[in-house]
Every structure is written in C-alpha cells, then in structure tokens.
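Worksheet for the structure shown next.
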Amino acid sequence: MITNFILGIAIVIGVYVIVKAIKYKSLYPFMPRRYNFGKRRVTFAKVLELLNNTKAKLIIETGTSRQGLRGAKGDGASTIVFGKWAKENKAKMHSVDINETSVNEARKEVMQQKLSDAVEVHLSDSLEFLKSVTEPVDFLYLDSYDYSADVEVQKKSQEHHLLEFKAIENQLHDQSIVLIDDCKLPNGGKGKTAIAYMKQNGWKVLLNKYQVLLVRQDFKI
C-alpha cells in the first residue's frame, strides 16, 4: 500500500512538472531559461529568426519596456530581448516612450543588462520621433498607447498605431519586419486599424497570435 501511494505521488509530481514545462515558454538558449515570455514567445522567437535571416541593422520600438526582464511574461521585456539581439549582431535599437518614468526605468534596465552601446531609449512623442527617422528600418515594433476596456480609449489606441505606421512607412523596405503587440484584446486590440491598412498596401500577416507579425507580400523568408 505504501509503495503504491508513493508511486501515485511520484506520478502526480511528474505530470505537474511536465505540464509546468509545457506552459513555461522561454526563449532559451537566446535568453536564460528562467524567463517566461508566455503568449509572446512564439512571435518573439519568429522575429529573432527573421532578424538573423535578414541581417537587420536598425530596430525601432514604440512603447518601451519599463520593467525589463522582470516583466518578461507581463509585457514581454522587448527592449531587452531585441536590444540583446542588436548588441550581439552589431545593430542599433531605438525605443521611444512619452512617459518619463517608463523611460527612466527602461534606461536603468538597459544599463544593467550592459546594452547601452546598442540601445537608446528616447523620451518623446512617438509620432514626432518616427517622423524624424531618415534611415531604412529593418524591424518595427509597435506597442504604445495603453489599451483598456473603454471603447473610446480602444479607438484612440488603434488610430495611434495606424498613425505610427504611416509616420515611418516610407522608411520600411521589402525585407522589413513589423510586429504589433496586444492584438488579441477586445475589439481587435491595438493593431486592428493598422493591420487593415497594411493588408491593403502590400503587407501580409505571417503570424496571427497575441501579437501580429507582418511582412511585405514579396518578403523572402
């Protein structure tokens, strides 16, 4: 009886460990295994693959990661993830946010992760910043203007993301990559309006998950 009981406990523990391992979505070996990127893991992993394939040199992010890797599961820690890739591949990343506290926290995280040579965090209105970019952009990550349950806020967030895309559109090229966060939210999420516009203007959806990943129709994978 004791042996059967111990065996039963071992099986339960084993199943629990397996389930936890399946649910734990790391970007290992690129990022340490302890960081769980949750619903963003699949799109982040694909972007990292595409960045390698296209040998990207310039990354632009709107909406910086104020929590760094502490927020890996909550907000994705994108500034650190893509900043690390930029550093390792001699690329440059610019992250822009209008919130001073978020910018200060992001800058601390960038310094702590020793990414300052590759990552610059800007305190600015994202539209003004994007309009100032004159170089070709290889990867654009849109994640500004917080979404909420308020329908008016949702519409403003969606419109803002469309305006962001239009502000930088002329700097995107045939091999550019665009990732939009928080798309599986009520009323189409942040990317609803921008994605519709992009699909009408030569872009296609490569991955449609919590985040939506888009490339040009003639993108060479």
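Points worth noting:
- Every residue from segment 169-198 that is at positive phi and either in contact with a Ser or Thr (Cβ under 6 Å, 6 or more places away or on another chain) or of a type in the set (Gly, Ala, Ser) (or both): Gly188, Gly189
- Taken over segment 28-75, the criterion of being open to solvent by less than 50 Å² (accessible area, probe 1.4 Å) and touching a Pro at 6+ places or on another chain (Cβ under 9 Å) is satisfied by Leu58, Leu69.
- Residues in segment 111-146 that are within 16 Å of the chain's Cα centre (by Cα) and of a type in the set (A, V, I, L, M): 5 in all.
- Residues in segment 39-65 that are hydroxyl-bearing (Ser, Thr, Tyr), in a helix (DSSP H, G or I) and closer than 28 Å to Leu123 by Cα: Thr43 only.
- Matching entry among Lys114, Lys92, Lys108 (being surrounded by 14 or more Cβ atoms within 10 Å (Cβ to Cβ), charged (D, E, K, R) and either farther than 29 Å from Phe219 by Cβ or without any contact (Cβ under 8 Å) to a residue 40 or more places away in the chain (or both)): Lys92
- Only one of the numbered conditions (1) at positive phi; (2) more than 17 Å from the chain's Cα centre (by Cα); (3) at pLDDT below 75 is not met by Ile11, and that is (1).
- In segment 126-175, the residues that are in a strand (DSSP E or B) and among the hydroxyl-bearing types (Ser, Thr, Tyr): Tyr141
- Output for segment 176-198, where each listed residue is part of a helix (DSSP H, G or I) and surrounded by 20 or more Cβ atoms within 10 Å (Cβ to Cβ): Lys192, Ala194, Ile195, Met198
- The lone criterion from (1) part of a strand (DSSP E or B); (2) open to solvent by 50 Å² or more (accessible area, probe 1.4 Å) left unmet by Asn201 is number (1).
- Residue match in segment 147-170 (condition: small (Gly, Ala, Ser), within 20 Å of Phe82 (Cβ to Cβ), buried (at least 20 other Cβ atoms within 10 Å of the Cβ) and out of contact with any Asp or Glu (no Cβ under 6 Å at 6 or more places or on another chain)): no
The values are calculated or read from the model by the stated rules, or taken from the named source; none is laboratory data. Because the structure is predicted, anything quoted here is derived from the model rather than measured. Virtual Cβ from ideal backbone geometry, glycine too; neighbours counted across all protein chains shown. Heads up: the accessible areas ignore ligands, DNA and RNA and are worked out on the full protein's heavy atoms, side chains in. Shrake-Rupley method; radii C 1.70, N 1.55, O 1.52, S 1.80 Å.
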